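Structure, as structure tokens:
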Amino acid sequence: MYEAVLDLHSYWAYGVLVFLLLAILNSFVGLSAKRPFIHRDRQIAMIALIFSHVQFVLGLLTLFTGPYFKAAKAGGMGAVMKDSTLRLFMVEHPVINLIAIVLITIGWSKHKRAGESERKFKSIAIFYLIGLVLLLSRIPYSQWFN
């Protein structure tokens with residue numbers, strides 16, 4: 001089961017990156033064109049949000065069912081912090097990605113409360129962009145492309 005969820009987590013990441021990038025670009029285009037925030041804009045941002053949340057749940061499944069968790073349990077937190085690979089998969093990757101998902105969710109929530117289109121686009125553009133940068137910073141590229 002672990003391998004199947006890990007593969008899904010790895011492939012789903014492409015969708016997350018595509019939809020986040022699409023939502024960010026759409027928001028910047030909407031801002032620069034000074035156009036109204038329409039239903040399509042909301043849908044693009046929502047799909048990016050949903051893909052991000054599903055990716056995080058898949059990540060939690062891989063975290064708690066994988067070999068790194070078993071190794072961390074056996075060695076304790078001291079061993080995790082001394083081993084760069086364990087630290088990446090048990091601390092850095094999950095924590096930074098949690099922060100990214102929280103920021104993306106905040107961007108979604110702020111856009112819902114905003115009245116004017118410009119504020120809606122800005123909320124999505126800024127928070128989704130920061131979330132995307134954080135996600136990109138903690139992708140384990142060495143394992144992702146293997």
> Any idea how far the Cα center of the stretch 80-126 sits from the one of the stretch 30-52, in Å?
Replying inline: 17 Å
>> On C-alpha positions alone, give me the angle between the axis of helix 117-137 and the longest principal axis of the chain, in degrees, nearest 10.
In response: 20 degrees
> Got a sec? Charge dipole of the stretch 2-144, +1 on Cβ for Lys and Arg, -1 for Asp and Glu; which of 143, 60, 86 is way out at the positive end?
Replying inline: 60
> Residue separation times 0.36 nm, minus the C-alpha to C-alpha distance between residue 25 and residue 50: what's the value?
Replying inline: 7.3 nm
> Taking every pair of alpha-carbon atoms in the stretch 2-144, what share in percent sits in each 5 Å bin, from 0 to the bin with the longest distance?
Replying inline: 2, 10, 19, 20, 15, 12, 9, 6, 4, 2, 1, 0
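About its Cα centre, how strong a charge dipole does the chain have in debye, to the nearest 20, once Lys and Arg get +1 and Asp and Glu get -1 at the Cβ?
Values: 15 positive and 7 negative charges, 115 e Å.
It comes to approximately 560 debye.
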>> Relative contact order for the chain: what percent, with Cα pairs under 8 Å and sequence separation of 6 or more?
In response: 32 percent
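Every number in this text was worked out from the coordinates using simple rules, so none of it is lab data. Just so we're clear, the structure is a prediction, and the values are computed from it rather than from any experiment. Don't worry about glycine lacking a Cβ; one is built from the backbone with ideal geometry, like all the others, and counts go over all protein chains shown.
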